[in-house]
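Colleague: Got a structure for you, written out below as structure tokens; questions coming shortly.
The values are calculated or read from the model by the stated rules, or taken from the named source; none is laboratory data. The structure presented is a predicted model; accordingly, all values stated were derived computationally and were not measured. Every residue, glycine as well, gets a Cβ built from its backbone with ideal geometry; the counts of neighbours run over all protein chains shown.
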Amino acid sequence: MEKTKKRFWPILLLAVYLAVNMALILHHENWRDEAQAWQIAGLLDLKGLFAQLKYEGHPCLWYLILMPFAKLHAPFGSMNGISLVLMAVAAWLVLTRAPFSMPVRVLTVFSGFFLYYYPVISRSYALVPPLLALLALCYPRRMEKPLPYGILLALLTQTHIYMLGLSAALSFFWLLEILREIPLKKPENRVRLCAVFLNLASGLFLIWELFGSTDRNTGVNIHISSTLSSNLHRMSVASQWASGFAVGGGISDETWKILVFVIALCFLLLLLWSWKETLILAAAVSSQVLMFTYVYLPSEQKAMLLVHELIFILWLILEKKKASGEREETDWRRKGNRAAAVGFQALLAVLCLLSVDGHRGAMESDWKEPYSAGKDAAAYIEKEIPQEALLVTAGDVPAYAVAAYAPDRTLWYPLTEAPITFSVWNESREETIGYEEMLERIRSHYPEVQSFWLLTGGQNNIEGLEEALADTVPVFRKDALISEESVRIYDISGF
């Protein structure tokens with residue numbers, strides 16, 4: 001009976017988790033970042049993919065997972081199902097295998113760190129939690145079964161550039177453990193070294209994948225300040241923003257000063273409790289703070305990676321203490337471990353509760369309002385605009401989701417004089433042309449056309465567009481939560 005109960009509750013909780021996120025998916029409209037990955041996966045071969053990655057700034061794993069589905073012409077929305085499956089694996093492992101108390105497991109799975117942002121908004125971030133959970137399961141037996149652990153580390157490196165710090169730190173300490181046993185001349189050390197070098201190879205491959213990104217991707221603008229104090233201030237601000245994004249609320253300067261002290265104290269206590277895993281966490285967090293400061297500004301999904309790393313490290317420590325608990329020599333040490341376990345689980349529970357309240361508004365907004373107008377615009381085009389009609393877009397940003405939702409229709413972009421597919425993040429995409437120049441390019445490419453349908457959005461690359469369309473009523477109009485994703489469609493005749 002007891003075993004039946006233990007199996008029943010995780011299954012029920014996972015079913016609720018799936019139901020909540022499926023409901024959110026049904027009310028979510030995919031936007032340009034989701035369309036970007038889907039279109040790249042569907043339209044490029046492997047050679048083209050690795051050439052494009054230098055503009056993306058992301059490793060290959062997410063695109064490789066999407067490729068079979070995109071190339072088989074699965075619906076654009078199916079990528080949300082992929083994210084949900086990945087996060088469901090992570091949720092199941094937390095519910096059934098994490099060494100936390102059951103209330104903390106439930107709070108974790110139904111927090112803002114597991115709901116909505118990763119399973120619903122389909123990005124490569126959804127790869128991280130299941131891989132971290134699997135790594136946590138393999139970590140205690142990494143010396144006995146090194147290959148699964150090494151493969152998972154190599155995969156983690158290919159999820160996101162933000163995971164490089166954690167992956168490198170785990171590999172570094174693992175290599176030290178192996179090197180200590182080299183003098184014993186154990187034959188299994190060869191397998192262990194091979195497993196470590198799997199991740200080294202993955203890291204070198206990552207460097208090759210992204211080499212040149214800083215020169216090609218206009219979104220990457222690395223600038224290091226000239227003084228130490230200025231750099232430290234920037235790191236503090238980036239950390240403050242990231243902390244706010246993670247829990248879903250802004251943090252005032254005064255509150256941040258208190259939080260810095262609390263965070264430092266928690267790190268010190270964690271260091272005294274389990275120094276190696278704490279140093280791994282410190283390396284992971286430090287690398288992300290540097291990224292937030294000098295490369296990419298934090299966002300909700302990026303900042304939540306910090307919490308997932310904390311969950312992972314607490315998982316490792318609690319498992320280690322549980323395994324060694326019977327061998328502790330003194331009663332006070334056992335009590336200290338128990339107090340630390342309760343305290344840090346309480347900290348995790350508080351973070352989870354804060355995230356539920358902080359991110360509830362974003363979930364409600366996506367439920368009530370369109371996240372992007374791309375889905376509705378694509379539906380209008382399919383239903384109301386003839387297949388042979390010329391569709392022109394005044395900007396690339398509002399058109400990506402439309403193109404992904406309507407793959408059989410062509411959206412011609414006058415700036416590049418080519419159909420819209422996905423973005424190449426270089427300087428040329430920021431150029432503009434005038435409205436009359438747009439008309440001339442249309443006449444040049446389509447001399448027989450007397451009318452066309454013009455798609456505009458919250459961000460356009462045609463100068464004088466508003467004045468030219470001031471007296472024209474759009475046949476379709478849809479605003480979106482992301483203003484750049486709003487869409488208008490005009491019927492331009494007799495030009």
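Colleague: Considering segment 344-393 alone, what residues qualify as being among the acidic types (Asp, Glu) and closer than 28 Å to LEU314 by Cα?
Modeller: ASP357
Colleague: Go over the candidates THR472, THR456, THR416, THR421 one by one and state the one that is part of a loop (DSSP other than H, G, I, E, B), in contact (Cβ under 8 Å) with a residue 24 or more places away in the chain and either assigned by TED's automatic domain parsing to the domain that holds ALA379 or touching an Asp or Glu at 6+ places or on another chain (Cβ under 7 Å) (or both).
Modeller: THR421
Colleague: For ALA19, work out the one condition from (1) in contact (Cβ under 8 Å) with a residue 24 or more places away in the chain; (2) within 22 Å of the chain's Cα centre (by Cα); (3) over 30 Å from ALA399 (Cα atoms) it doesn't fulfil.
Modeller: (1)
Colleague: While we're looking at this one, here's another question. Residues VAL89, VAL85: which one is part of a helix (DSSP H, G or I), without any contact (Cβ under 8 Å) to a residue 40 or more places away in the chain, closer than 30 Å to LYS375 by Cα and assigned by TED's automatic domain parsing to the domain that holds SER171?
Modeller: VAL85
Colleague: Taking segment 240-255 only, how many residues are in contact with a helix residue (DSSP H, G or I) (Cβ under 6 Å, 6 or more places away or on another chain) and outside any loop (DSSP other than H, G, I, E, B)?
Modeller: 5
Colleague: Sticking with this structure for a sec: Conditions: (1) in contact with an Asp or Glu (Cβ under 7 Å, 6 or more places away or on another chain); (2) under 25 Å from HIS27 (Cα atoms); (3) surrounded by fewer than 17 Cβ atoms within 10 Å (Cβ to Cβ). HIS445 meets all but one. Number of the miss?
Modeller: Single failed check for HIS445: (2).
Colleague: Does any residue of segment 71-80 turn out to be under 27 Å from MET291 (Cβ atoms), of a type in the set (A, V, I, L, M) and in contact with a helix residue (DSSP H, G or I) (Cβ under 7 Å, 6 or more places away or on another chain)?
Modeller: Within segment 71-80, one or more residues are under 27 Å from MET291 (Cβ atoms), of a type in the set (A, V, I, L, M) and in contact with a helix residue (DSSP H, G or I) (Cβ under 7 Å, 6 or more places away or on another chain).
Colleague: Quick one: count up the residues across segment 475-494 that are touching a residue at least 40 places away in the same chain (Cβ under 8 Å) and either in contact with a Lys or Arg (Cβ under 8 Å, 6 or more places away or on another chain) or within 13 Å of GLY374 (Cα to Cα) (or both).
Modeller: Looking only at that region, the number is 11.
Colleague: Those residues that are basic (Lys, Arg) and either over 35 Å from the mean Cα position of the chain (by Cα) or crowded, with 17+ Cβ neighbours inside 10 Å (or both), I need them from segment 453-495; list them, please.
Modeller: Correct list: LYS478, ARG488.
Colleague: A further question on this structure: Which residues, counting only those in segment 396-419, are surrounded by fewer than 22 Cβ atoms within 10 Å (Cβ to Cβ) and within 25 Å of the chain's Cα centre (by Cα)?
Modeller: VAL397, ALA406, PRO407
Colleague: Confirm whether ALA378 is within 20 Å of ALA70 (Cβ to Cβ), part of a helix (DSSP H, G or I) and either in the same structural domain as VAL106 (by TED's automatic domain parsing) or out of contact with any Asp or Glu (no Cβ under 9 Å at 6 or more places or on another chain) (or both).
Modeller: The answer is yes for ALA378.
Colleague: Could you check how many residues of segment 357-373 are buried (at least 18 other Cβ atoms within 10 Å of the Cβ) and under 14 Å from TYR117 (Cα atoms)?
Modeller: 5
Colleague: Taking into account only those residues within segment 414-440 that are aromatic (Phe, Trp, Tyr) and touching a Leu at 6+ places or on another chain (Cβ under 8 Å), which is modelled with the lowest pLDDT?
Modeller: Among those that are aromatic (Phe, Trp, Tyr) and touching a Leu at 6+ places or on another chain (Cβ under 8 Å), it is PHE422.
Colleague: Does LEU49 satisfy the condition of being over 29 Å from GLY112 (Cα atoms) and either surrounded by fewer than 17 Cβ atoms within 10 Å (Cβ to Cβ) or outside the structural domain of ALA154 (by TED's automatic domain parsing) (or both)?
Modeller: yes
Colleague: Just to be sure before I move on: is LEU13 over 27 Å from GLU427 (Cα atoms) and either over 15 Å from the mean Cα position of the chain (by Cα) or assigned to a loop (DSSP other than H, G, I, E, B) (or both) in the structure I sent?
Modeller: yes
Colleague: Ok, one more. Can you go through LEU259, LEU269 and tell me which one is more than 27 Å from the chain's Cα centre (by Cα), part of a helix (DSSP H, G or I) and within 24 Å of LEU353 (Cβ to Cβ)?
Modeller: LEU269
Colleague: Among the residues of segment 421-431, is there at least one that is on the phi < 0 side of the Ramachandran plot, surrounded by 13 or more Cβ atoms within 10 Å (Cβ to Cβ) and touching a strand residue (DSSP E or B) at 6+ places or on another chain (Cβ under 8 Å)?
Modeller: So far as segment 421-431 goes, no, none of its residues is on the phi < 0 side of the Ramachandran plot, surrounded by 13 or more Cβ atoms within 10 Å (Cβ to Cβ) and touching a strand residue (DSSP E or B) at 6+ places or on another chain (Cβ under 8 Å).
Colleague: On the basis of being in contact with a strand residue (DSSP E or B) (Cβ under 7 Å, 6 or more places away or on another chain) and assigned to a loop (DSSP other than H, G, I, E, B), does ASP408 make the cut?
Modeller: no
Colleague: May I ask you to say which residue of ALA136, ALA154 is surrounded by 19 or more Cβ atoms within 10 Å (Cβ to Cβ), assigned by TED's automatic domain parsing to the domain that holds GLU364, within 28 Å of SER299 (Cβ to Cβ) and in contact with an Asp or Glu (Cβ under 9 Å, 6 or more places away or on another chain)?
Modeller: ALA136
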